[in-house]
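Everything on this sheet refers to the single structure shown next.
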Amino acid sequence: MMKVLMIARRTLNSSPGGDTVQINSTAQYLKLLGIDVEVFIGDEEIDYSKYDIMHFFNIIRPDDILPHILKSKLPFVVSTIFVDYSEYEKNRGGTLGFLSTILSSDKIEYLKAIARYIKNGDKINSKYYLLKGHRASVKYVASKANLLLPNSHSEYNRFINKYGVTTPYLKVPNAIDKLTFSDNIKPNEKFKNHVISVGRIEGRKNQLNLINALKDTDLFLTIIGKPSPNHIGYYNECLKLIEENDNMQIIDHINHNELASIFKASKVHVLPSWFETTGLSSLEAAIMDCNIVVTPKGDTEEYFKDLAFYCQPDDLESIKKAVMEAFNQPIQNSLKELILKEYIWENTAQETLKAYNLVLNK
């Protein structure tokens, strides 16, 4: 039996995001294919000798990957989840916003890692990262990987254009769990015809602009998610504005079964982010009969084509217009059909296993 070691970022469970779902669901569905998978957090001690292959996630967190590939001779693949924060950083204001106008995005990411170490005690695991910096670390991880597993062709093209690596890749799409998000789910009527936004509450997800865009409408907005540990000030801004509007609320991160019933009752799901590789919650909402509003920044158009409503994250009128159009239009059933055909975890697991076999059978 093939034994797979999956290694995730240190904050995978304390600050859950789309990658938390991606990792756990990929592992779950690989096990259904008869693969022995264990998931570890980046700073755990691991006996590498028990495994045939390592699978990492989040190439923009190379410090979580470097110690393992420097200690182990195992072949490895990387699900890149290559999020680009540069446009958000330039628009955020403050010191980082200013620095983003004069420094490269890689230098900004390095400064952020150092700041997290000083401010929060987030340790830096690798001397390589500390000495070589962010860009060199990302390139090193990518060049040593046997295969990269982006969620889209668009993601891979962005990555190689930025870092100039030639590592081969296999597209492994993000997906939904069709057992959890099924037509059998009963709608939670408390959220009937709500506009929903599900995601970690942080600047990149752009909830503050969403609140401002909808605060003078008659729509009911429900934001679901935990604040990112490094964006508590941003979360408090969102909370203050929400409290001033009777038609809005924030709910903490909830389990997928509850989420499915909320989606089922809602009309629109919106992610007006500064960047999304996919937006897992958009896939999940669409399968539960929501129209979806998404950012065009990132790789969303490869997934949603012309079946979503697109908005510009820096334009309140654009966000409002897209949400109102989505609310007033019939449900896009063709998007649901596309997702059931292309974007289910069974397909993701099959493609992931194909990647493992490509590496191990070279």
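The values are calculated or read from the model by the stated rules, or taken from the named source; none is laboratory data. Just so it is clear, the model here is predicted, and its values are computed rather than measured. So basically every Cβ, Gly included, is an ideal-geometry build from the backbone, and we count neighbours across all protein chains shown.
Some notes on this structure:
- Residues (outside any loop (DSSP other than H, G, I, E, B), without any contact (Cβ under 8 Å) to a residue 40 or more places away in the chain and of a type in the set (Gly, Ala, Ser)) located in the range 205-228: none
- Residues that are in a loop (DSSP other than H, G, I, E, B) and among the aromatic types (Phe, Trp, Tyr), drawn from the range 62-85: 82, 85
- Residue in the range 309-317 that is of a type outside the set (Phe, Trp, Tyr) and touching a Pro at 6+ places or on another chain (Cβ under 7 Å) present: yes
- Among the residues of the range 334-362, just one is surrounded by 15 or more Cβ atoms within 10 Å (Cβ to Cβ), outside any helix (DSSP H, G or I) and not hydroxyl-bearing (Ser, Thr, Tyr), namely 344.
- Total residues in the range 277-329, condition among the polar types (S, T, N, Q) and under 24 Å from residue 149 (Cβ atoms): 6
- Selection over the range 36-51 of residues that are in contact with a strand residue (DSSP E or B) (Cβ under 7 Å, 6 or more places away or on another chain) and charged (D, E, K, R) gives a count of 3.
- Some residue of the range 52-69 being free of Cβ contacts under 8 Å to residues at least 12 places away in the same chain and of a type in the set (Asp, Glu): no
- Among (1) closer than 22 Å to residue 175 by Cα; (2) in contact (Cβ under 8 Å) with a residue 60 or more places away in the chain, the one test that residue 91 misses: (1)
- Matching residues, the range 1-19, being modelled with pLDDT of 90 or more and either buried (at least 17 other Cβ atoms within 10 Å of the Cβ) or not in a loop (DSSP other than H, G, I, E, B) (or both): 3, 4, 5, 6, 7, 8
- When each of 102, 160, 185, 108 is tested for being touching a Phe, Trp or Tyr at 6+ places or on another chain (Cβ under 9 Å) and in a loop (DSSP other than H, G, I, E, B), the lone residue that passes is 185.
- Residue in the range 273-282 that is of a type outside the set (Phe, Trp, Tyr) and over 13 Å from the mean Cα position of the chain (by Cα) present: no
- Members of the range 61-120 that are at positive phi and surrounded by fewer than 19 Cβ atoms within 10 Å (Cβ to Cβ): 93, 94
- For the range 206-258, the candidate set comprises residues that are charged (D, E, K, R) and under 24 Å from the mean Cα position of the chain (by Cα); within that set, the residue that is farthest from residue 269 (Cα to Cα) is 237.
- Residue list for the range 313-330, filter: more than 28 Å from residue 89 (Cα to Cα) and surrounded by fewer than 14 Cβ atoms within 10 Å (Cβ to Cβ): 328, 329, 330
- Residues being in contact with a strand residue (DSSP E or B) (Cβ under 9 Å, 6 or more places away or on another chain) and either part of a helix (DSSP H, G or I) or not hydrophobic (A, V, I, L, M, F, W, C) (or both) - total across the range 286-320: 15
- For the range 237-285, a residue qualifies if it is polar (S, T, N, Q), within 25 Å of residue 158 (Cβ to Cβ) and outside any loop (DSSP other than H, G, I, E, B), and the qualifying residues are 281, 282.
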